[in-house]
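Below is one structure; the comments refer to it alone.
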Amino acid sequence: ESFFEEYSKTFNWSNDNEAKSFRVTEDNTGKTHRRYKQYYKGIELADVQYILHEKNGQVIHANGSLIHGLDLNVVPTLSENEALQYALDNINAESYMWETEKNEAHLKKEQNNPDATMHPKGILMISAKNFELEKENFHLVYRFDIYAQKPMDRFYIDVDANTGEIINKISRIQSGDVPGQGTSVYNGVVEMVVADT
């Protein structure tokens with residue numbers, strides 16, 4: 001319980017930072033693994049995690065990333081709608097999933113939620129450009145999940161909340177031909193290519 005308090009004292013981790021647990025798992029050796037996300041002035045750092053591995057209530061190992069020395073203003077200059085326009089300009093799709101009524105209706109039914117929508121909502125986060133986890137690479141961003149219908153694609157896009165610069169663009173749909181193996185009826189294990197066509 002006192003790990004991050006002691007960590008802060010020992011390594012001079014600023015009081016502007018906080019580690020919040022988001023998942024706890026146990027393994028068959030009796031160890032508990034607690035995953036934490038880092039927050040700076042109440043804003044989550046995207047793609048930054050730290051894991052405490054414990055046994056009998058004692059931390060026996062820790063790994064991951066904690067960022068020191070952040071000095072960011074966490075009040076955005078751009079509105080969420082302005083940032084969304086930068087993201088949409090970057091994607092530049094002919095159409096988007098939320099623009100089709102049947103897509104929206106399907107999502108509402110699937111989630112049993114009349115308020116569900118594919119329309120992107122900006123989540124204020126702190127994100128490192130190109131995932132380079134050095135303090136100078138972090139920006140206050142709006143992260144959007146943008147689902148394009150034509151051409152079909154889906155991205156997380158981090159838009160700098162002050163300048164509109166695209167900090168990261170993370171593909172959520174992967175495609176391609178993958179070499180593999182399969183068991184055939186007459187020839188045992190055979191080489192094959194799993195194609196996306």
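The values are calculated or read from the model by the stated rules, or taken from the named source; none is laboratory data. Computed from a predicted structure; not experimentally measured. Ideal geometry is used to build each Cβ from the backbone, glycine not excepted, and the neighbour counts take in all protein chains shown. Side chains are part of the model used for accessible areas, which takes the heavy atoms of the whole protein and leaves out ligands, DNA and RNA. Shrake-Rupley method; radii C 1.70, N 1.55, O 1.52, S 1.80 Å.
What pairs in LYS37/LYS109; LYS20/LYS108; LYS129/LYS169 have C-alpha atoms more than 21 Å from each other? The pairs that break the limit, which is 21 Å between Cα atoms, are LYS37/LYS109; LYS20/LYS108. Across the accessible surface of the chain, with the other protein chains kept in place and a 1.4 Å probe, carbon and sulfur atoms take up 46 percent. Amide H to amide H distances under 5 Å link GLU165 with ASP160, where only residues 5 or more positions off or on other chains count and H is placed in the peptide plane.
Taking the average, over residues, of other Cβ atoms within 10 Å as the packing measure, peptides 2-12, 96-106, 170-180, 121-131 rank 121-131, 96-106, 2-12, 170-180 from highest down. Taking amide H as placed 1.01 Å from N in the peptide plane, ARG154 has its amide H under 5 Å from the amide H of ALA148, ARG172, ILE173, each at least 5 places away in sequence or on another chain.
Each 5 Å bin from zero holds the following percent of Cα-Cα pairs in segment 1-119: 2, 9, 13, 13, 11, 12, 12, 11, 10, 6, 2, 0. Taking a straight line from the alpha carbon of LYS102, these aspartates and glutamates sit under 17 Å away, with near neighbours fewer than eight places off in the same chain left out: GLU110, ASP115.
Sequentially through segment 138-149, phi angles give Karplus couplings (6.51, -1.76, 1.60; θ = phi - 60°) of 8, 10, 6, 9, 9, 9, 10, 9, 10, 10, 8, 8 Hz, Gly and Pro residues having no value and appearing as x.
Tally Lys/Arg at +1 and Asp/Glu at -1 over every other residue whose Cβ is under 13 Å from the Cβ of LYS102; what's the total? Spelling it out: positives minus negatives among the neighbours equals -2. In whole angstrom, segment 84-139 maps to an equivalent ellipsoid with semi-axes of 31, 16, 8, each derived as √(5λ) from the alpha carbon gyration tensor and ordered largest first.
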